[in-house]
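These notes concern the structure reproduced below.
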Amino acid sequence: MHDINENNLSVTQLWLLTLAVEYRIPLRFMSWSAEHLSRNFQIHVPDSTPESRIWNLRDLERRSLVTIEPLESDNPDGLVRSPELLDDNDFGYELTSQGADAWELNSKPDWNRFLTNEAGDSSDTSLFLAATRDRLDTYVEYWSAMRGSKPAVTSEPFRMCPWKATYWKVLPEGFGVELKDSIPSTDYDRAEALKVFEKFRGFEVWCEYGISLTAAKKLFW
């Protein structure tokens, strides 16, 4: 497949932009197999080799749609969990303002449906965040169902005005709640949880290309 849009982006290039919508992406991920990438990111991976991914990424950089810079050693984005993956020579890429515009033009995101999560104030808590209160409440209900137990709420739901939803996108408002990470109940039914997860994947869709990284971060990292 070749050009698919007015930005003259290939399928691989649109995929690369999508990966970096929420987080700076380490270049080492480009060497992962398609199966490994698909499993961890829960997003379709176009047929491509590591070499072609890097070539396409360099082309995006040349066109000022992404920047490639050294990763910060304290890894503020929280995506890579293994310290050995980070060193002074590690680089990652992220969207520029032009890259963000190109991604939005082609993926047509509905930001009112946006969901994400991040580390809480302690090592055993997580912040669940959404663009609307209804989406937040349903998000927590799905997460509880997938775990087979209701997580303990460690903070009252709160409102943010404005909300910096990603490193490049600011929304008028957002809602969040901090939850204590729960251990699946003793009668946890994995088959039933997977059914709920499939429904959740539909619930969390917020753009035309791919899905949010939310499910992958919580279930597979």
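Tabulated results
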item: In sequence order, calculated HN-Hα J values of the range 114-119 (Karplus, 6.51, -1.76, 1.60; Hz; x Gly/Pro); result: 5, 10, 7, 8, 8, 4
item: Among the listed pairs LYS169/LYS195; LYS164/LYS199; LYS108/LYS164, those beyond 29 Å (Cα-Cα); result: LYS169/LYS195
item: R0 of 30 Å, Cβ-Cβ distance GLU118-ASP90: FRET efficiency to nearest 0.05; result: 0.90
item: Solvent exposure ordering (accessible area, 1.4 Å, most first) of MET30, MET160; result: MET160, MET30
item: 5 angstrom amide H check on THR96, placed H, neighbours 5+ away; result: VAL66, THR67
item: Rounded to whole Hz, the Karplus (6.51, -1.76, 1.60) HN-Hα couplings of the range 54-67, x for glycine and proline; result: 5, 4, 5, 5, 5, 5, 4, 5, 4, 8, 6, 9, 9, 10
item: Taking the convex hull of Cα positions in the range 13-57, its mean projected area over all directions (nm²); result: 2.8 nm²
item: Additional length obtainable on full extension of the chain from LEU171 to ASP101, 0.36 nm per residue less Cα span; result: 23.7 nm
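The values are calculated or read from the model by the stated rules, or taken from the named source; none is laboratory data. Note that the structure is a prediction, hence the values are computed from the model and not measured. Heads up, the Cβs are rebuilt from the backbone with ideal geometry, glycines too, and the neighbour counts pull from every protein chain shown. Ligands, DNA and RNA are excluded from the accessible area calculation, which covers all protein heavy atoms including side chains. Shrake-Rupley method; radii C 1.70, N 1.55, O 1.52, S 1.80 Å.
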